[in-house]
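Worksheet for the structure shown next.
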């Protein structure tokens, strides 16, 4: 609840003396923002706010940004990464929750917000309805079918335990096993409360099942998933689908030992056997063995007490030092939020830049002709040019043919053989040269005389 304290008077370094005619001091923006921040944080140092989650954003930095609303108002809230993993309820849009934390201001945007330290569901009825709907859904898939149940081994050699390594549960199980029948126990440490608990529990069940049969780490013959009692919100990790599905898919027989006898979680329906308490799970796991060494048990308790006292002393020293040093987280919170905002603005700017570039590229691509069209046009031009060349060559050939045919009769008329038909003869020497003058021969030369119907040899005689 808000502190019942009066608002502190505004104080700060004046930029200047009051202006003439006014008695109001002047502040810088940073000064007035700091004064408002101090006033809000001092007045609302610890508050509980009830409302509906209208917006929930899980940032990549690990922070959770939430908007709470009711009938007439809304409130911005943030859960820093250091607390987000310890929340008892995973926030979702539409949930009605009660958030515990402190009010602060964010000077970078002149707004106030709730810094969340824990979240709880506003009504147990809403949570029970959520669990009933989830139970019906998983039952319809056959995960709770009795035919899927496996029998527990009579005396397992190795027992795997999935629980918190620092709670009383693991001690109770180990002590009970020691009392009845000591066995080789493998503990897979997990968180049993908070946002990360469900994923760790499911991973532990799957991890035990995936161990090789003859590997360096022995594979358990029996699994126990255990946690002590708590509220419905505290036991929520054992109602998550991922945990129920991992328990139903386990090849190793599994005992569910969550909470006290009256507590019921969804993993109880998927397990092969449900134990009312973690101690009862140990009793189901092994038969009784008498005459255990009391001294070993006593030494174990004394060692634990010594370690516990040492941890308490160091925790007290750490708390004293932390109070003396102050909380550096508060100084870093505004910077972390500004970094988230800058990262978001940077992402949006680059996205807009690439969208503009893509638009320009698509516009330019629309103006370009497709290579297929360019090749088709070139093929048409080439075909047209080939046709023109073929027509040109055909026309030239015809002209040459006509000219050649026209020269035939002329050549035939001028041929010496045509003259021979009119009574003339062609005289040639032995070299085949035509003799046209008397001076080209002398007495005794052999010549060849060609007539129209053949040739004869002759000898030149004296005149």
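No lab work stands behind these numbers, since they all come straight from the coordinates. Every value quoted in this text rests on a predicted model; they were computed, and no experiment measured them. FYI the Cβ positions are ideal-geometry reconstructions off the backbone, even for glycines, and counts take in every protein chain you see.
A few comments on the model shown:
- Alpha-carbon centroids, the range 217-286 and the range 298-312: separation in whole Å: 28 Å
- Three principal axis extents of the range 183-224 based on alpha-carbon atoms, in descending order, are 34, 20, 15 Å.
- Length-normalised contact order for the chain - Cα pairs under 8 Å, 6+ apart - percent: 9 percent
- Beta bridges assigned by DSSP with both partners in the chain are antiparallel in approximately 65 percent of cases.
- Per-selection Kirkwood Rh - the range 368-463 (Cα, Å, 1 d.p.): 19.0 Å
- Equivalent ellipsoid semi-axes - Cα gyration tensor, the range 29-122, angstrom: 23, 15, 13
- Across the range 29-122, the relative contact order, built from alpha-carbon pairs under 8 Å that are at least six residues apart, equals 32 percent.
- Take the Kirkwood radius over Cα pairs of the chain, plug it into Stokes-Einstein at 25 °C and 0.890 mPa s, and you get 75 µm²/s for translational diffusion.
- Rg [Å, one decimal], Dmax [Å, integer] - the range 417-459, C-alpha atoms: 10.4, 29
- With N as its number of residues, the range 136-221 has a Cα radius of gyration that, divided by 2.2 N^0.38 Å, comes to 1.25.
- Descending by average beta-carbon neighbour count within 10 Å, the peptides 116-122, 394-400 line up as 116-122, 394-400, the highest first.
- Ranked 404, 181, criterion: other C-beta atoms within 10 Å, fewest first: 404, 181
- Taking all pairs of distinct alpha-carbon atoms in the range 367-414, Kirkwood radius in angstrom: 14.0 Å
- Ellipticity at 222 nm from helices only: DSSP H runs of n ≥ 4 in the chain, each -39500 (n - 2.57), divided by the residue count, give -15000 deg cm²/dmol.
- Cα Rg, Dmax (largest Cα-Cα span) when computed across the range 156-292, Å: 13.8, 43
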